[in-house]
Amino acid sequence: MLILGIETSCDETGVALYESERGLLAHALHSQVKLHAGYGGVVPELASRDHVRKTLPLLREILRQADVEPSDIGGVAYTRGPGLIGALLVGAAIGRSLAWAWNVPAIGVHHMEGHLLAPMLEAEPPEFPFVALLVSGGHSLLVRVDRIGGYQILGESVDDAAGEAFDKTAKLLGLPYPGGPALAKLAEEGTPGRFKFPRPMTDRPGCDFSFSGLKTAAINAWRELEPTLENRADVARAFEEAVVETLVIKCRRALQATGLKRLVVAGGVGANRRLRARLLELAKERGGRVYYPRLEFCTDNGAMIAYAGWRRLVAGQTEGAAIEVMPRWPLDQLPSVA
Ligand code: KG4
Ligand code: ZN
């Protein structure tokens, strides 16, 4: 079965073709970074319009890449939520319309389930059950994953998501959008240990996160300083260390609480090098293993949506022809796949 995947939940248009026997055949991505950069963040209406412009040309490109015809496609998966409502509606309308025209089933995929399953596209995929750390611009979640749709939330952010904290702190430090990668790059040049920010919510039990106070701590420190590159890099370094260490502490707890050895890390912040290195150490310490998607599939992409949609479509799940999106959609409400 050949599945077309479409991702349009935020500021990247992603499309991909996934096939049961041969795996991922082709994928393409258009990032809207340049479009939003002048505004310092994503402008939802501009995002929607750009998805309208880019989705079909990208689809033509991957059909060419994979050397397949639309008539070869047996199902369509698109991101149904969570995300920006207008952006989601573009992908849902295109996905549903193509499926209707081609007379094939379609399914709306949960964006975070896409992230969660992205490591399955790699050569040595994780087996169930595992603990997943999902850290993106909109979510920070620790989840026990027993099967597709068998998700138990172990912890989540009570305020800002990890990526959001990176982005907001970067903006306050005067770094360009998108802030997360820019802050991480600057942190490389920072002196470790010059500042020490709190590790929020690590002094009480549980796996919930809070990052908004950390952002404030970083900004307060920065406001006291001369605005030099060195000072900025040192603050960035301390902020990154604090987020990473907090995430590592919570992952350790989640592994301890579940007794599981496998840890999956996904979502945009999963591209952070320091986080990856520290979680590798954690896995070694516990005699377990950590699984990541390749770097380009940590951030938003169509491949993860094609894959997640394929898993559900081959299990017989489909939906009616109505175009519906879910800007908010709790992960633990998804139906289970045996
Ligand atoms: O998963 P994603 O592409 O989009 C959402 O679903 O939100 O994640 C984007 C988030 C942004 O907040 C971005 O700043 C962050 O991931 N991010 C990073 C890095 N690369 C992307 N944060 C820290 N370090 C990075 N290297
Ligand atoms: Zn995402």
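Using unit Cβ charges (K, R positive; D, E negative) and no other charged atoms, how large, in debye to the nearest 20, is the dipole of the chain about its Cα centre?
Numbers: 38 positive and 39 negative charges, 117 e Å.
Computed about the Cα centre, the dipole is about 560 debye.
Percent of accessible area on the chain owned by carbon and sulfur, 1.4 Å probe? The partial results should precede the final answer.
Details: 7350 of 14340 Å².
That share works out to 51 percent.
Take every Cα pair under 8 Å in the chain that's 6+ residues apart, average their separations, divide by the length, and report that relative contact order as a whole percent.
Numbers: 751 pairs, mean separation 86.3, N = 338.
Result for the chain is 26 percent.
Any idea of the accessible area per residue across the stretch 119-191, 1.4 Å probe, to the nearest Å²? The partial results should precede the final answer.
Working: 2850 Å² over 73 residues.
Value returned for the stretch 119-191: 39 Å² of accessible area per residue.
With each run of n ≥ 4 DSSP H residues scored as -39500 (n - 2.57), what mean residue ellipticity at 222 nm is computed for the chain after dividing by its residue count and rounding to the nearest 500 deg cm²/dmol? Walk me through the numbers before you get to the answer.
Values: 10 runs with 140 residues, N = 338.
Result for the chain: -13500 deg cm²/dmol, rounded to the nearest 500.
Between Val158 and Lys185, what FRET efficiency follows from the Cβ-Cβ distance if R0 is 30 Å, with the result rounded to 0.05?
Working: r = 28 Å, r/R0 = 0.95.
That pair, Val158 with Lys185, gives E of 0.60.
Tell me, what is the percent relative contact order of the stretch 47-157, built from C-alpha pairs under 8 Å that lie six or more residues apart? Intermediate results must be reported in sequence, preceding the final value.
Values: 127 pairs, mean separation 19.5, N = 111.
In percent, rounded to a whole number, it is 18.
Answer with one residue from Val104, Tyr78, Val52: the one whose Cα lies farthest towards the positive end of the charge dipole of the stretch 1-114, charges on Cβ with Lys, Arg +1 and Asp, Glu -1.
Toward the positive end, the furthest listed residue is Val52.
In debye, nearest 20, what is the charge dipole magnitude of the stretch 190-332 about its Cα centre with +1 on Lys and Arg Cβ and -1 on Asp and Glu Cβ, if you could check?
Numbers: 24 positive and 16 negative charges, 124 e Å.
Once rounded to the nearest 20, the dipole reads 600 debye.
Roughly speaking, what is the stretch gain from Glu127 to Arg60, that is 0.36 nm per residue apart minus the C-alpha to C-alpha distance, in nm to one decimal? Let's see the in-between values first.
Details: separation 67, 0.36 × 67 = 24.12 nm, distance 3.41 nm.
Residue separation times 0.36 nm, minus the Cα-Cα distance, leaves 20.7 nm.
Relative to the longest principal axis of the chain, what angle (0 to 90°, nearest 10) does the C-alpha long axis of helix 85-102 take?
The helix 85-102 is inclined about 20 degrees to the chain.
As I understand it, the value is the acute angle between the Cα axis of helix 273-285 and the longest principal axis of the Cα atoms of the chain; what does it come to in degrees, rounded to 10?
So the inclination is approximately 90 degrees.
What residues qualify as long-range amide H neighbours of Gly155, i.e. H under 5 Å apart, gap of 5 or more or another chain, H built at 1.01 Å from N?
Close amide H contacts, sequence-distant or interchain: Leu142.
Report, to the nearest 10°, how far helix 229-258 tilts away from the longest principal axis of the Cα atoms in the chain, using its own Cα long axis and a range of 0 to 90°.
On a 0 to 90 degree scale, this one is about 60.
So what is the relative contact order of the stretch 218-315, in percent, for Cα pairs below 8 Å that sit 6 or more residues apart?
Details: 66 pairs, mean separation 22.6, N = 98.
Averaging sequence separation for qualifying contacts and normalising by length gives 23 percent for the stretch 218-315.
Per residue, how large is the accessible surface of the stretch 239-290? Use a 1.4 angstrom probe and give square angstrom.
Numbers: 1990 Å² over 52 residues.
Spelled out: the 1.4 Å probe surface of the stretch 239-290, per residue, equals 38 Å².
What is the distance in Å between the Cα centroid of the stretch 32-81 and that of the stretch 273-325?
Cα centres, the stretch 32-81 to the stretch 273-325: 19 Å.
Can you find, among Gly179, Val145, Val42, the residue farthest towards the positive end of the dipole of the chain? Put +1 on the C-beta of Lys and Arg, -1 on that of Asp and Glu.
Projecting each Cα onto the dipole axis, the largest value belongs to Val145.
Towards the positive end of the charge dipole of the chain, with charges on Cβ (+1 Lys, Arg; -1 Asp, Glu), say which of Phe195, Val265, Val243 has the farthest Cα.
Phe195
Filter Lys54/Lys168; Lys54/Lys171; Lys196/Lys284; Lys171/Lys284; Lys34/Lys54 down to the pairs with a C-alpha to C-alpha distance above 23 Å, please.
On the way: Lys54/Lys168 28 Å; Lys54/Lys171 28 Å; Lys196/Lys284 26 Å; Lys171/Lys284 35 Å; Lys34/Lys54 14 Å.
Distance filter (> 23 Å) returns Lys54/Lys168; Lys54/Lys171; Lys196/Lys284; Lys171/Lys284.
The values are calculated or read from the model by the stated rules, or taken from the named source; none is laboratory data. Since this is a predicted model, take the numbers as computed values, not measurements. All Cβ positions, even for glycine, are placed from backbone atoms using ideal geometry, and neighbour counts span all protein chains on display. To get the accessible areas, we keep the full protein, side chains included, count just its heavy atoms, and leave off ligands, DNA and RNA. Shrake-Rupley method; radii C 1.70, N 1.55, O 1.52, S 1.80 Å.
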